[in-house]
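K.L.:
Quick one: this structure, given as structure tokens, is what I'll be asking you about.
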Amino acid sequence: MDKTFPSLADAVSVIPDGATVMIGGFGGSGAPIELIHALIDQGARHLTVINNNAGNGHVGLAALIEQGRVDKLICSFPRSADPTVFAEAYKAGRIELEIVPQGTLAERIRAGGAGIPAFYTPTAFGTQVAEGKPTEVFEGRSYVRERWLKADFSLIKGELGDQHGNMTYRMAARNFNPIMATAATTTIAQVSRIVPPGGIDPEHVVTPGIFVRRLVEVSAPAQEEELNRAEAVYP
């Protein structure tokens, strides 16, 4: 039942080449920077990454892309505050992009976790995003059929975690992280503090431990925006 791991390297050691990896966060909020950097050090290649954006600066997801580890990115906002790394890789043909409207992205992930293979949404009907997808009319309105999104692994960031994997989140970090935890075969989480079983009020648990396989403590996690203001580069 103890799901804790002694190091970041141990936690991500099981991720192979070619894996599909969901990475939590909304911009820098809730982004598991240390787990991403550990994945860079680990060396897995030809990854498909599902994230809200395409990373910023030269740390976190942007660093993973800059190191040539990502073959395909599924996201909503490929152009964010400093998307230079992704933009250059995309223009050079080194990375494939699948654009998904943000609400649709969240629902596709939630559907993956809930075991719902497909659903209908009016979002993107009549646009390039909907090309090639089945459509239906319900009560006079046109809808696009979207497929669930699932992953081999998810990398997420929480605030508190107990040894059984139950987790809480800090403020806005409760964004894509909880649903990504449900939609992956193996969820790997970093938390600021690991407490004994019973150390989290059950009423405060957001992600139950059944969804978490590997947990590692990062007591002073980095914030993407602060790293970028310092012009940090990883590795």
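The values are calculated or read from the model by the stated rules, or taken from the named source; none is laboratory data. All of these numbers come straight from a predicted model, not from anything done at the bench. Cβ coordinates were reconstructed from backbone atoms using ideal geometry, including for glycine residues, and neighbour counts include every protein chain displayed. To get the accessible areas, we keep the full protein, side chains included, count just its heavy atoms, and leave off ligands, DNA and RNA. Shrake-Rupley method; radii C 1.70, N 1.55, O 1.52, S 1.80 Å.
K.L.:
Which of the residues spanning segment 140-164 are in contact with an Asp or Glu (Cβ under 8 Å, 6 or more places away or on another chain), surrounded by fewer than 22 Cβ atoms within 10 Å (Cβ to Cβ) and under 20 Å from Gln102 (Cα atoms)?
P.N.:
Ser142, Tyr143, Arg145
K.L.:
Still on this structure, I have one more. Residues being surrounded by 18 or more Cβ atoms within 10 Å (Cβ to Cβ), more than 17 Å from Phe211 (Cα to Cα) and among the small types (Gly, Ala, Ser): count how many of those fall in segment 101-117.
P.N.:
Count: 1.
K.L.:
Something else about it: Could you identify the single residue in Ser219, Ser192 that is among the polar types (S, T, N, Q) and out of contact with any Gly (no Cβ under 8 Å at 6 or more places or on another chain)?
P.N.:
Working: Ser192 fails: out of contact with any Gly (no Cβ under 8 Å at 6 or more places or on another chain).
Result of the check over Ser219, Ser192: Ser219.
K.L.:
Pairs please, first residue from segment 216-235 and part of a loop (DSSP other than H, G, I, E, B) and open to solvent by less than 80 Å² (accessible area, probe 1.4 Å), second anywhere and modelled with pLDDT under 95 and not basic (Lys, Arg), Cβ atoms under 7 Å, 6+ apart in sequence or on different chains.
P.N.:
Gln223/Gly28
K.L.:
Kindly evaluate Ala172 against the criterion of being surrounded by fewer than 20 Cβ atoms within 10 Å (Cβ to Cβ), under 20 Å from the mean Cα position of the chain (by Cα), part of a loop (DSSP other than H, G, I, E, B) and not aromatic (Phe, Trp, Tyr).
P.N.:
In short, no.
K.L.:
Using the structure shown, decide if Ser142 is hydroxyl-bearing (Ser, Thr, Tyr), part of a strand (DSSP E or B) and over 22 Å from Glu34 (Cα atoms).
P.N.:
yes
K.L.:
Within segment 192-202, is there a residue that is under 19 Å from Ile36 (Cα atoms) and either part of a strand (DSSP E or B) or open to solvent by 10 Å² or more (accessible area, probe 1.4 Å) (or both)? Let's see the steps before the verdict.
P.N.:
At the first step, the residues of segment 192-202 found to be under 19 Å from Ile36 (Cα atoms) are 192-193.
When the remaining residues are screened for being either part of a strand (DSSP E or B) or open to solvent by 10 Å² or more (accessible area, probe 1.4 Å) (or both), the result is 192-193.
The answer is yes, given that some residue of segment 192-202 is under 19 Å from Ile36 (Cα atoms) and either part of a strand (DSSP E or B) or open to solvent by 10 Å² or more (accessible area, probe 1.4 Å) (or both).
K.L.:
Further question on the same structure: Consider only pairs whose beta carbons are under 7 Å apart and that are at least six residues apart or on different chains; among these, list those whose first residue lies in segment 76-94 and is in contact (Cβ under 8 Å) with a residue 60 or more places away in the chain and whose second residue is open to solvent by less than 20 Å² (accessible area, probe 1.4 Å).
P.N.:
Filtered contacts from segment 76-94: Ala81/Asn56; Asp82/Asn56; Asp82/Gly57.
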